[in-house]
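Since the structure comes first, as structure tokens, the remarks are kept for the end.
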Amino acid sequence: MRRIKFMIEKEFRQLFRNAVLLRMMLAAPVMQLILLSYAANFEVKNLNIVVVDQDHTPYARRLVSKFRYIDNFHFLGYAPAYKPAYHELLTGHADLILLISPHFERDLGKANHSSVQLLVSAIDGTKAGIASGYAQSIIRDFNTDIRSETVGLEPAGGARLDIENQYWYNPRLEYKTFMVPGILFELLLLIGGMIAALNIVREKEIGTQEQLNVTPIKKHEFILGKLTPFVLIGLVQFTLGMLVAAFFFRIPIQGSIPLLYGFAFLFLLLCVGLGLLISAISETQQQAMFAVFFCLVLFILLSGLFSSTDDMPQWAQYINLFNPLRYIIEVGRNVILKGSTFRDMQTQFYALLAMSVALIGLASWRYRKTV
């Protein structure tokens, strides 16, 4: 125990001597949390629309006005013909083209039906689907208004169905509320895993590892001494992130704070264990950086941080069973937003516990006191 204490003291002294690294470990996650939470936003707004009006009647202008005064759409103006409008779509200046056919109002009055054409840029399939849904909803609303005025009846024979929406867990429908809990734990993996991975390798490169090898310190004492400072600093990072989430982003924290800290502690053990394992098997900091980068990209892309894991192919879901970030993001979102309890999160707890024990055990086994 005394040797572990001296090892922890040595690690803290090394960290405090490197003021730049210490500031990065404490300040950088807060800045990244704020920036990423605003930047990683899949809300579809400011859809640029160009209108080709070949009718120039009150009905046509009325339909266009429904697009002009909605926040989701940005009206770029009228195009004189189809080709100039298509050029705007081709260059990326426009996201949608609304083409109103000739005799639009006349056909509505005489034949009781008419047509409009909607062209949507589908390079971004998700954005195109949402934009198309918005536009079709507006056109249906216009159609309902016209039918009510001309026929004098409510749609569907006068029947009316009122829908009242109640949104649970994210009543303001803010994307930041969904992203912040996930990014908070993703940054723990990014900072804790990367800094820990460079630690033992740096000892090898500057020669202090050989001095430690000739001391009577045991392997498990060495790993615990390396592990403890990074876990404690990670908990400080987590506290700063929680304060930013609560007071800056106004995220409603519904669940238990001690439960969150318990899972954060377990996840930090896993992250630092992964970093120490990579560090133990790497000979240079460059090797360690490449290994950490590979793991981080794989974990983040498969974690469900940006898209649902249920929509991934089956083989990816099997790989995801060994992704610690996936489990901790589920815990963060469920506990913070839903108020889930430990009983609800038992599967995630045992998965993280098993991976933590395995990684720390492998790091301790792989560490060699010989060169």
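The values are calculated or read from the model by the stated rules, or taken from the named source; none is laboratory data. These figures come from a predicted structure and were not determined experimentally. Neighbour counts run over all protein chains shown; Cβ positions are idealised from the backbone, glycine included. The accessibility values were calculated without ligands, DNA or RNA, using every heavy atom of the protein model including side chains. Shrake-Rupley method; radii C 1.70, N 1.55, O 1.52, S 1.80 Å.
Annotations for the structure displayed:
- Annotation: of all residues in the stretch 175-211 being among the aromatic types (F, W, Y) and out of contact with any Asp or Glu (no Cβ under 9 Å at 6 or more places or on another chain), the one that is modelled with the lowest pLDDT is F178.
- Lone unmet requirement of (1) at pLDDT 90 or above; (2) under 21 Å from the mean Cα position of the chain (by Cα) for C271: (1)
- Residue tally, condition at pLDDT below 85, buried (at least 16 other Cβ atoms within 10 Å of the Cβ) and touching a Gly at 6+ places or on another chain (Cβ under 9 Å), over the stretch 297-311: 2
- Close contacts from the stretch 340-363, counting a first residue that is free of Cβ contacts under 8 Å to residues at least 40 places away in the same chain and a second that is in a helix (DSSP H, G or I) and open to solvent by less than 70 Å² (accessible area, probe 1.4 Å), with Cβ to Cβ under 7 Å and a gap of 6+ residues or different chains, come to D344/N334; A351/Y327.
- Checked against the criterion of being touching a residue at least 40 places away in the same chain (Cβ under 8 Å) and touching a helix residue (DSSP H, G or I) at 6+ places or on another chain (Cβ under 8 Å), the candidates L119, L98 yield just one match: L98.
- Residues of the stretch 69-79 that are under 20 Å from H56 (Cβ atoms) and in contact (Cβ under 8 Å) with a residue 24 or more places away in the chain: F75, L76, G77, Y78, A79.
- Test result for A79, among the aliphatic types (A, V, I, L, M), under 30 Å from S307 (Cα atoms) and out of contact with any Cys (no Cβ under 7 Å at 6 or more places or on another chain): no
- Total residues in the stretch 45-70, condition open to solvent by 20 Å² or more (accessible area, probe 1.4 Å) and either under 21 Å from T126 (Cβ atoms) or assigned to a helix (DSSP H, G or I) (or both): 11
- Residues located in the stretch 321-371, provided they are closer than 24 Å to K176 by Cα, surrounded by fewer than 20 Cβ atoms within 10 Å (Cβ to Cβ) and either among the small types (G, A, S) or at pLDDT below 90 (or both): K338, G339, S340
- If you filter the stretch 78-92 down to residues that are surrounded by 12 or more Cβ atoms within 10 Å (Cβ to Cβ) and of a type outside the set (D, E, K, R), you find that the one that is nearest to V116 (Cα to Cα) is Y82.
- If you check V335, V297 for being touching a Pro at 6+ places or on another chain (Cβ under 9 Å), under 26 Å from G241 (Cα atoms) and in a helix (DSSP H, G or I), only one passes: V335.
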